[in-house]
Amino acid sequence: MYPENLGEQFSIDETSLSHGELYTILTNKSAKGKKGAIVAIVAGTKAEAVISVLKRIPERARKKVTEVTLDMAGNMELICKRCFPQATRVTDRFHVQKLATEALQEMRIK
């Protein structure tokens, strides 16, 4: 964990790195994928596990986060409510695009 990397714009995403193992990646969006981007990598995607990691960051630092980008999973919403209640939640555009494309494809096939 790198709490010093926490910035005003924060992102939470789930990924499968190898052998189907799921991880939750917590990043500072302002770093744009460069040095200082990773805040933490948590094994698994359970909200309570991610919340316990984020709660190690002092509350005053977490209160500085103004925006959290996340996918539409319910666990992500719970993480935001518990750790960044004051932050604006933004749905990741790639997940919205994927849903729209899948819906269009389904309509096209019918």
Legend entry - Ranked Thr27, Thr66, criterion: other C-beta atoms within 10 Å, fewest first: Thr66, Thr27
Inset, instruction - Within segment 29-80, list the trypsin sites (Lys or Arg not before Pro) lying in a DSSP loop whose Cβ has at most 11 other Cβ atoms in a 10 Å radius. - result: Lys32, Lys34, Lys35, Arg56
Inset, instruction - For the pairs Lys29/Lys98; Lys32/Lys98; Lys46/Lys110; Lys35/Lys55; Lys29/Lys110, note any where the Cα-Cα span goes beyond 29 Å. - result: Lys46/Lys110; Lys29/Lys110
Legend entry - Quarter of Cα convex hull surface for the chain, i.e. mean projection, nm²: 7.9
Inset, instruction - Quote the FRET efficiency, to the nearest 0.05, computed for Arg60 versus Thr15 with a Förster distance R0 of 30 Å and r equal to the Cβ-Cβ distance. - result: 0.55
Legend entry - Selected from Leu17, Leu54, Leu70 as most flexible by GNM, with the chain as the system and alpha-carbon contacts under 10 Å: Leu17
Inset, instruction - Return, ordered by residue number, the residues of segment 7-21 whose backbone nitrogen is under 20 Å from a label point located 7 Å along Cα→Cβ of Ala43. - result: 13-21
Inset, instruction - Compute the long axis of helix 74-83 from its Cα atoms, compare it with the longest principal axis of the Cα atoms of the chain, and write down the angle in degrees, 0 to 90, nearest 10. - result: 20
Inset, instruction - Determine the calculated [θ] at 222 nm for the chain from helices alone, applying -39500 (n - 2.57) to every DSSP H run no shorter than 4 residues and normalising by the residue count; nearest 500 deg cm²/dmol. - result: -10500 deg cm²/dmol
Inset, instruction - Using amide H atoms built 1.01 Å from N in the peptide plane, name the residues 5+ places from Val90, or on other chains, whose amide H lies under 5 Å from its own. - result: Val68, Thr69, Leu70
Legend entry - Antiparallel %, DSSP beta bridges [both residues in the chain], to 5: 65
Inset, instruction - Please turn the phi angles of segment 6-13 into ³J(HN,Hα) values with the Karplus equation 6.51 cos²θ - 1.76 cosθ + 1.60 (θ = phi - 60°), one per residue in order, whole Hz, x for glycine and proline. - result: 5, x, 5, 10, 10, 10, 10, 9
Inset, instruction - Place the peptides 82-91, 101-110, 36-45 in order of packing, highest mean first, counting for every residue the other Cβ atoms within 10 Å and averaging per peptide. - result: 36-45, 82-91, 101-110
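No value in this document is a laboratory result; all are computed from the given coordinates. Since the structure is predicted, the reported quantities are computational estimates derived from the model, not experimental observations. A quick note on method: Cβ atoms are made from the backbone with ideal geometry, for glycine too, and the neighbour counts reach across all protein chains shown.
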